[in-house]
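The values are calculated or read from the model by the stated rules, or taken from the named source; none is laboratory data. Nothing here was measured: the structure is a model prediction, and the numbers come from that model. Note that we place each Cβ from the backbone using ideal geometry, even for glycine, and neighbour counts take in every protein chain shown.
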Amino acid sequence: MPSGGGLPAGYELRALRHGDAHELHALIERNRARLARWIHWAHDQTLQDTLAFIGRARAKEQEGSGLSRGIVAVGCLAGVVGITVDRTNRSAALGYWLDEASEGKGVMTAAVAALADDGFERYRLMRVEVRADVDNRASRAVAERLGFQLEGVMRQSYHVVGERYSDDAVYSLLASDPARRELTSRPQPRAGAGEPTQRR
(Lines give C-alpha, C1' and ligand atoms only; values in the text may rest on other atoms or scores of the structure.)
Protein backbone atom coordinates (compact mmCIF):
# COMPACT_ATOMS: atom_id res chain seq x y z
CA MET A 1 0.00 0.00 0.00
CA PRO A 2 1.07 3.62 -0.47
CA SER A 3 3.28 5.29 2.11
CA GLY A 4 3.45 8.93 3.14
CA GLY A 5 1.15 11.37 4.93
CA GLY A 6 -2.66 11.31 4.89
CA LEU A 7 -3.88 10.13 8.26
CA PRO A 8 -3.85 12.53 11.21
CA ALA A 9 -0.62 12.65 13.20
CA GLY A 10 -0.09 9.53 15.27
CA TYR A 11 -2.24 7.27 13.06
CA GLU A 12 -1.18 4.65 10.53
CA LEU A 13 -2.40 1.51 8.76
CA ARG A 14 -0.72 -1.85 9.24
CA ALA A 15 -1.28 -5.56 8.70
CA LEU A 16 -3.24 -7.45 11.31
CA ARG A 17 -1.24 -10.10 13.17
CA HIS A 18 -2.38 -13.12 15.19
CA GLY A 19 -0.84 -11.46 18.23
CA ASP A 20 -3.38 -8.61 17.86
CA ALA A 21 -6.31 -10.82 18.87
CA HIS A 22 -6.50 -9.81 22.54
CA GLU A 23 -6.06 -6.10 21.81
CA LEU A 24 -8.55 -6.14 18.95
CA HIS A 25 -11.09 -8.04 21.04
CA ALA A 26 -10.72 -5.55 23.89
CA LEU A 27 -11.37 -2.76 21.39
CA ILE A 28 -14.52 -4.53 20.22
CA GLU A 29 -15.66 -4.92 23.84
CA ARG A 30 -15.22 -1.18 24.46
CA ASN A 31 -17.27 -0.36 21.37
CA ARG A 32 -19.65 -3.33 21.41
CA ALA A 33 -22.84 -1.43 22.24
CA ARG A 34 -22.42 1.13 19.48
CA LEU A 35 -21.18 -1.40 16.89
CA ALA A 36 -24.01 -3.81 17.67
CA ARG A 37 -26.51 -1.20 16.53
CA TRP A 38 -25.26 -1.71 12.95
CA ILE A 39 -23.22 -4.95 12.68
CA HIS A 40 -24.50 -8.44 13.48
CA TRP A 41 -21.17 -9.97 14.58
CA ALA A 42 -20.72 -7.32 17.28
CA HIS A 43 -23.50 -8.79 19.41
CA ASP A 44 -21.66 -11.95 20.43
CA GLN A 45 -18.10 -11.76 19.07
CA THR A 46 -15.76 -13.87 21.24
CA LEU A 47 -11.99 -13.82 21.52
CA GLN A 48 -11.87 -17.00 19.43
CA ASP A 49 -14.06 -15.31 16.79
CA THR A 50 -11.65 -12.39 16.71
CA LEU A 51 -8.65 -14.68 16.29
CA ALA A 52 -10.48 -16.54 13.50
CA PHE A 53 -11.26 -13.22 11.79
CA ILE A 54 -7.58 -12.29 11.75
CA GLY A 55 -6.73 -15.68 10.27
CA ARG A 56 -9.34 -15.26 7.53
CA ALA A 57 -8.14 -11.73 6.78
CA ARG A 58 -4.56 -12.90 6.34
CA ALA A 59 -5.65 -15.87 4.21
CA LYS A 60 -7.73 -13.61 1.95
CA GLU A 61 -4.75 -11.42 1.27
CA GLN A 62 -2.59 -14.41 0.38
CA GLU A 63 -5.33 -15.72 -1.92
CA GLY A 64 -5.84 -12.34 -3.57
CA SER A 65 -9.48 -12.15 -2.49
CA GLY A 66 -9.27 -9.33 0.04
CA LEU A 67 -7.22 -6.91 2.06
CA SER A 68 -7.62 -5.82 5.69
CA ARG A 69 -5.69 -3.26 7.69
CA GLY A 70 -5.66 -2.32 11.33
CA ILE A 71 -5.96 1.39 12.02
CA VAL A 72 -3.33 2.20 14.64
CA ALA A 73 -3.28 5.24 16.93
CA VAL A 74 0.06 5.87 18.62
CA GLY A 75 0.84 2.15 18.56
CA CYS A 76 -2.61 0.94 19.66
CA LEU A 77 -5.36 -0.53 17.48
CA ALA A 78 -8.21 1.92 16.90
CA GLY A 79 -10.27 0.20 14.20
CA VAL A 80 -10.25 -1.88 11.03
CA VAL A 81 -10.82 -1.22 7.34
CA GLY A 82 -11.20 -4.05 4.86
CA ILE A 83 -12.01 -4.84 1.26
CA THR A 84 -13.43 -8.12 -0.10
CA VAL A 85 -12.83 -8.75 -3.79
CA ASP A 86 -14.99 -10.42 -6.45
CA ARG A 87 -12.31 -11.19 -9.03
CA THR A 88 -14.80 -12.50 -11.60
CA ASN A 89 -16.65 -9.19 -11.77
CA ARG A 90 -13.65 -7.01 -10.90
CA SER A 91 -15.60 -5.47 -8.05
CA ALA A 92 -15.15 -5.19 -4.30
CA ALA A 93 -17.01 -4.31 -1.09
CA LEU A 94 -15.51 -2.03 1.57
CA GLY A 95 -16.25 -2.26 5.28
CA TYR A 96 -14.91 -0.28 8.23
CA TRP A 97 -15.32 0.59 11.89
CA LEU A 98 -13.51 2.88 14.29
CA ASP A 99 -13.08 3.34 18.02
CA GLU A 100 -15.34 6.10 19.31
CA ALA A 101 -12.34 8.05 20.67
CA SER A 102 -10.90 8.39 17.15
CA GLU A 103 -14.06 9.59 15.41
CA GLY A 104 -14.38 13.09 14.01
CA LYS A 105 -10.71 13.46 13.06
CA GLY A 106 -10.80 12.42 9.40
CA VAL A 107 -9.13 9.10 10.25
CA MET A 108 -11.64 6.81 8.56
CA THR A 109 -12.02 8.95 5.45
CA ALA A 110 -8.25 8.80 4.89
CA ALA A 111 -8.09 5.06 5.64
CA VAL A 112 -10.95 4.20 3.28
CA ALA A 113 -9.46 6.37 0.54
CA ALA A 114 -6.15 4.54 0.86
CA LEU A 115 -7.68 1.07 0.77
CA ALA A 116 -10.01 1.90 -2.11
CA ASP A 117 -7.16 3.36 -4.15
CA ASP A 118 -4.96 0.36 -3.44
CA GLY A 119 -7.81 -1.99 -4.32
CA PHE A 120 -8.39 -0.36 -7.70
CA GLU A 121 -4.69 -0.68 -8.52
CA ARG A 122 -3.87 -4.04 -6.96
CA TYR A 123 -6.90 -5.94 -8.26
CA ARG A 124 -7.63 -3.90 -11.41
CA LEU A 125 -11.14 -3.21 -10.13
CA MET A 126 -13.95 -1.64 -12.11
CA ARG A 127 -16.15 -0.98 -9.07
CA VAL A 128 -15.89 -0.55 -5.31
CA GLU A 129 -19.04 -0.62 -3.19
CA VAL A 130 -19.99 0.55 0.30
CA ARG A 131 -23.21 -0.43 2.04
CA ALA A 132 -24.38 1.22 5.24
CA ASP A 133 -27.56 1.31 7.29
CA VAL A 134 -29.58 4.29 6.10
CA ASP A 135 -29.50 5.67 9.65
CA ASN A 136 -25.72 5.30 10.06
CA ARG A 137 -24.80 8.83 9.09
CA ALA A 138 -21.14 8.51 10.08
CA SER A 139 -20.49 5.57 7.74
CA ARG A 140 -22.50 7.13 4.94
CA ALA A 141 -20.61 10.41 5.30
CA VAL A 142 -17.28 8.65 4.69
CA ALA A 143 -18.50 7.31 1.34
CA GLU A 144 -20.04 10.65 0.37
CA ARG A 145 -16.91 12.64 1.20
CA LEU A 146 -14.89 10.40 -1.12
CA GLY A 147 -17.29 10.84 -4.02
CA PHE A 148 -19.04 7.46 -3.92
CA GLN A 149 -22.39 7.72 -5.69
CA LEU A 150 -25.61 6.72 -3.93
CA GLU A 151 -27.29 4.10 -6.11
CA GLY A 152 -30.33 3.45 -3.96
CA VAL A 153 -31.59 1.64 -0.88
CA MET A 154 -31.85 -2.12 -0.42
CA ARG A 155 -34.78 -2.69 1.92
CA GLN A 156 -34.31 -5.09 4.85
CA SER A 157 -31.17 -6.45 3.21
CA TYR A 158 -28.98 -7.06 6.27
CA HIS A 159 -29.77 -9.07 9.39
CA VAL A 160 -28.60 -7.11 12.41
CA VAL A 161 -30.09 -9.08 15.30
CA GLY A 162 -33.30 -10.93 16.16
CA GLU A 163 -36.10 -9.56 14.03
CA ARG A 164 -34.19 -6.44 13.02
CA TYR A 165 -33.15 -6.14 9.39
CA SER A 166 -31.61 -2.90 8.18
CA ASP A 167 -32.37 -0.91 5.07
CA ASP A 168 -28.98 -0.33 3.45
CA ALA A 169 -27.85 2.64 1.39
CA VAL A 170 -25.69 1.38 -1.49
CA TYR A 171 -22.80 3.54 -2.71
CA SER A 172 -20.37 2.83 -5.54
CA LEU A 173 -17.24 4.26 -7.05
CA LEU A 174 -16.23 3.24 -10.57
CA ALA A 175 -12.76 3.18 -12.05
CA SER A 176 -14.01 5.68 -14.64
CA ASP A 177 -15.41 8.16 -12.09
CA PRO A 178 -13.54 11.45 -11.60
CA ALA A 179 -13.64 10.86 -7.83
CA ARG A 180 -11.64 7.66 -8.32
CA ARG A 181 -8.79 9.66 -9.88
CA GLU A 182 -8.94 12.05 -6.95
CA LEU A 183 -8.17 9.16 -4.59
CA THR A 184 -4.75 8.85 -6.20
CA SER A 185 -4.04 12.55 -5.73
CA ARG A 186 -4.93 12.47 -2.00
CA PRO A 187 -2.05 12.25 0.47
CA GLN A 188 -1.93 8.57 1.40
CA PRO A 189 -1.47 7.20 4.93
CA ARG A 190 1.49 5.12 5.97
CA ALA A 191 0.71 1.41 5.74
CA GLY A 192 2.52 -1.66 6.93
CA ALA A 193 3.49 -4.28 4.40
CA GLY A 194 1.49 -7.48 4.09
CA GLU A 195 -2.30 -7.35 5.55
CA PRO A 196 -11.76 -5.87 10.74
CA THR A 197 -13.69 -5.06 8.83
CA GLN A 198 -16.27 -6.26 6.49
CA ARG A 199 -19.78 -5.71 7.64
CA ARG A 200 -20.85 -8.90 5.90
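Going through Ser176, Ser166 one at a time, which residue ends up being outside any strand (DSSP E or B), of a type in the set (Ser, Thr, Tyr) and modelled with pLDDT of 95 or more?
Answer to the selection: Ser176.
Would you pick out the residues in segment 7-58 that are assigned to a loop (DSSP other than H, G, I, E, B) and either of a type in the set (Val, Ile, Thr) or within 17 Å of Ala73 (Cα to Cα) (or both)?
Filtering segment 7-58 for residues assigned to a loop (DSSP other than H, G, I, E, B) gives 7-10, 15-17, 36-39, 44-46.
Listed by number, the residues that qualify are Leu7, Pro8, Ala9, Gly10, Ala15, Leu16, Arg17, Ile39, Thr46.
For segment 77-91, name all the residues that are surrounded by 14 or more Cβ atoms within 10 Å (Cβ to Cβ) and either modelled with pLDDT under 95 or not polar (S, T, N, Q) (or both).
Leu77, Ala78, Gly79, Val80, Val81, Gly82, Ile83, Val85, Asp86, Arg90, listed by residue number.
Gln48 passes all but one of (1) at pLDDT 95 or above; (2) of a type outside the set (A, V, I, L, M); (3) buried (at least 19 other Cβ atoms within 10 Å of the Cβ); which number fails?
Checking Gln48 against (1) at pLDDT 95 or above; (2) of a type outside the set (A, V, I, L, M); (3) buried (at least 19 other Cβ atoms within 10 Å of the Cβ), the one that fails is (3).
Is there a residue in segment 107-121 that is touching a strand residue (DSSP E or B) at 6+ places or on another chain (Cβ under 6 Å) and over 28 Å from Glu151 (Cα atoms)?
Scanning segment 107-121 turns up no residue that is touching a strand residue (DSSP E or B) at 6+ places or on another chain (Cβ under 6 Å) and over 28 Å from Glu151 (Cα atoms).
Is there a residue in segment 125-137 that is outside any loop (DSSP other than H, G, I, E, B), at pLDDT 95 or above and surrounded by fewer than 18 Cβ atoms within 10 Å (Cβ to Cβ)?
Among the residues of segment 125-137, at least one is outside any loop (DSSP other than H, G, I, E, B), at pLDDT 95 or above and surrounded by fewer than 18 Cβ atoms within 10 Å (Cβ to Cβ), which makes the answer yes.
Being β-branched (Val, Ile, Thr) and within 14 Å of Val142 (Cα to Cα) is the requirement here; does Thr109 meet it?
Details: β-branched (Val, Ile, Thr): yes; within 14 Å of Val142 (Cα to Cα): yes.
The answer is yes for Thr109.
In segment 92-106, how many are buried (at least 18 other Cβ atoms within 10 Å of the Cβ) and either modelled with pLDDT under 95 or in a strand (DSSP E or B) (or both)?
7
Within the bounds of segment 144-158, is there any residue that is within 17 Å of the chain's Cα centre (by Cα), under 22 Å from Ser102 (Cβ atoms) and at pLDDT below 95?
The answer is no; no qualifying residue exists.
So in segment 19-60, with the set limited to residues that are over 18 Å from the mean Cα position of the chain (by Cα) and of a type in the set (A, V, I, L, M, F, W, C), which one is farthest from Glu100 (Cα to Cα)?
Leu47
Looking at segment 110-119 only, could you name the residues that are hydrophobic (A, V, I, L, M, F, W, C) and more than 12 Å from Gly66 (Cα to Cα)?
Ala110, Ala111, Val112, Ala113, Ala114
Residue-by-condition table, conditions (1) within 26 Å of Pro178 (Cβ to Cβ); (2) in contact with a helix residue (DSSP H, G or I) (Cβ under 9 Å, 6 or more places away or on another chain); (3) not acidic (Asp, Glu):
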position	(1), (2), (3)
Arg34	no, yes, yes
Arg37	no, no, yes
Trp41	no, yes, yes
Leu47	no, yes, yes
Ser65	no, yes, yes
Val80	no, yes, yes
Glu100	no, yes, no
Glu121	yes, yes, no
Leu125	yes, yes, yes
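When you go through (1) surrounded by 14 or more Cβ atoms within 10 Å (Cβ to Cβ); (2) closer than 12 Å to Tyr11 by Cβ one by one for Leu115, which number turns out not to apply?
If we test Leu115 against (1) surrounded by 14 or more Cβ atoms within 10 Å (Cβ to Cβ); (2) closer than 12 Å to Tyr11 by Cβ, just (2) comes out false.
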